[in-house]
Every structure is written in C-alpha cells, then in structure tokens.
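Have a look at the structure below, then the notes.
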Amino acid sequence: MKRFTSPALPGAGRVVVSGGGSGLGAAVVDAVLGAGGTPFVLDRDVRNVSAAKAIEVDVADRAAVVAAVTQAAEALGGLDAVVTAAGIDRCGKLEDVPADDWEQVIFVNLLGTVSVVRAALPYLKASGGRVVTVASTLGKRALPEASAYCASKFGVIGFSQALAAETGAEIGVTTLIPGGMKTRFFDDRAAQYKPQDDSRLNDPVRVAQAVMFALSQPPGCEIRELLICHAQEDSWP
C-alpha cells in the first residue's frame, strides 16, 4: 500500500471545489486563492466565477462529473485536493415532498459527493492528496420535515468515515460538519423553514478557513472530523 507522503501545502495546491459558484464553495475558492493555491470550480451556475477556471456541471449527473473532474485534472496537471460543497435541500413532511424532489437531494448531496470523489481518486492517490466532504450538523442530529437532507448528510458522514478507513495510507479524508451559514441556501424556502435569527448563522468565510486548516496539516496528520458552527447554533448538539 502506498505511504501517504504529500507535503503540507499552505495554499492546498490544485483544488477542485464542487458547488464553488456560491456560498461555502465560493468562500473556499477565495481561501485557496488567498493562500496561493489554484482552485477549479464545478457548479451548475458558474456565471459569477471569475477568479478561477470553472465548468458548468450538475453533480447529480455521474458521467458529466467524471468528464468535468478529468478535464479539471488535465488542466491543472493533477489534483492535490477536492472539496465537495455542492448541496441542496427540499423541506417538508415526507408525504408532502414530491418523490422526485426528495430523491434529487440524495442525488446531489450524497451521490454527487461520491461521484466527485470517485472521479478524483486516481489523481489524489497519485499526489497523496486530500478530500474534504461537506456534511452538516443535520448529519448528526435529525429534525422533522428535513428527512431528505438528514438522510443525505448522515450518508455523507458514513461515506466519509468508510473512505478514510479504506484509503488511510493513500489520501487524507476530512468530514466537515458545518452549522447554518449566511448564504443563499435558505432563499428559496418557505418562511417556516428559514432561520428566524440570522445572527446565529456562521460566516462561510470562517468555515472556509476551517477547510484550509484541514488541508494544510503535515504529512501523517489528519483532521478526520471538523464540526464548526456559530457559538449559539441551535441545530447542535
């Protein structure tokens, strides 16, 4: 088995960021750039991406993800890290959320994460790189009328732990578990599903710095799980 020997890279090197067109993903892109790294964005909407190379792709489309990750790796001459920040939600009671909408959350949040990581794995193994998967505090604590999101994020945590166990000597794997953030994630929700107090939402810039912390660990040292939230977060513990 290959020994994990990748040097610590303050700028995280060559980084694919799924969902890098907005929210936490965009904050990660800025953090990578600020540290001297080279991000590459995968997102359904890349119109606002100007400081990094980008490909328009739906992470729920596995074939498109494979093509996009391959293109990114070839453009960058390899990959040092992947951050899977793409995510969606559909709130409501199970019987009220259309089955197609419910399943789309799983396709994007869980299967999209898996597809991006799987496609990037050969490049990450070659460089001894790292993966940061983005779960949620709702991957540890279930809430009513959030069954699709909870199922997807509980799945991301399980997948990430299994991946870490499987690839421990080859790549690094960190599960990021953020609480609510001040992004546009809540914009399309009905009023009852929006945060009632925006002051208890974390700044995604701070969460992106946590990602950089995980990516910049020295060889042989891994942050396996990193939970970060506002001091008054009410979805944890």
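Below is a table of values for the structure above.
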{"item": "Among residues of region 128-150, those that are of a type outside the set (A, V, I, L, M, F, W, C), buried (at least 20 other Cβ atoms within 10 Å of the Cβ) and closer than 18 Å to Gln217 by Cβ, counted", "result": "3"}
{"item": "Ile171 farther than 23 Å from Gly23 by Cβ and not charged (D, E, K, R)", "result": "yes"}
{"item": "Residues satisfying the stated conditions in region 70-117, i.e. touching a helix residue (DSSP H, G or I) at 6+ places or on another chain (Cβ under 6 Å), in a loop (DSSP other than H, G, I, E, B) and open to solvent by less than 60 Å² (accessible area, probe 1.4 Å)", "result": "Gly78, Leu79, Asp80, Ala85, Ala86, Gly87, Ile88, Asp89, Cys91"}
{"item": "Odd one out for Val82, checked against (1) touching a residue at least 60 places away in the same chain (Cβ under 8 Å); (2) more than 18 Å from Arg62 (Cβ to Cβ)", "result": "(2)"}
{"item": "Only one of Ala63, Ala120 that is over 16 Å from the mean Cα position of the chain (by Cα) and part of a helix (DSSP H, G or I)", "result": "Ala63"}
{"item": "Neighbours by Cβ (under 6 Å, 6+ apart or cross-chain): first from region 9-35, at pLDDT 95 or above and outside any loop (DSSP other than H, G, I, E, B); second open to solvent by less than 10 Å² (accessible area, probe 1.4 Å) and among the polar types (S, T, N, Q)", "result": "Ser18/Thr84"}
{"item": "Any hit, region 38-56, residues being aromatic (Phe, Trp, Tyr) and open to solvent by 30 Å² or more (accessible area, probe 1.4 Å)", "result": "no"}
{"item": "Pairs where the first residue, in region 57-78, is of a type in the set (D, E, K, R) and the second is modelled with pLDDT of 95 or more and open to solvent by less than 50 Å² (accessible area, probe 1.4 Å), C-beta under 7 Å, 6+ apart", "result": "Asp58/Ala64; Arg62/Ser115"}
{"item": "When residues of region 171-184 are limited to those that are buried (at least 21 other Cβ atoms within 10 Å of the Cβ) and among the β-branched types (Val, Ile, Thr), the one farthest from Asp198 (Cα to Cα)", "result": "Ile171"}
{"item": "Of the criteria (1) over 15 Å from the mean Cα position of the chain (by Cα); (2) over 25 Å from Gly220 (Cβ atoms); (3) free of Cβ contacts under 8 Å to residues at least 40 places away in the same chain, which one Cys91 fails", "result": "(3)"}
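Rundown of residues vs (1) surrounded by 21 or more Cβ atoms within 10 Å (Cβ to Cβ); (2) at pLDDT below 95; (3) farther than 27 Å from Arg130 by Cα, yes/no style:
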{"site": "Ser152", "(1), (2), (3)": "yes, no, no"}
{"site": "Gly155", "(1), (2), (3)": "no, no, no"}
{"site": "Leu163", "(1), (2), (3)": "no, no, no"}
{"site": "Ala169", "(1), (2), (3)": "no, yes, no"}
{"site": "Pro218", "(1), (2), (3)": "no, yes, no"}
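The values are calculated or read from the model by the stated rules, or taken from the named source; none is laboratory data. Bear in mind that the values here come from a model prediction, so they are computed numbers and not experimental data. Every residue, glycine as well, gets a Cβ built from its backbone with ideal geometry; the counts of neighbours run over all protein chains shown. The area values use the complete protein model at the heavy-atom level, side chains included, leaving out ligands, DNA and RNA. Shrake-Rupley method; radii C 1.70, N 1.55, O 1.52, S 1.80 Å.
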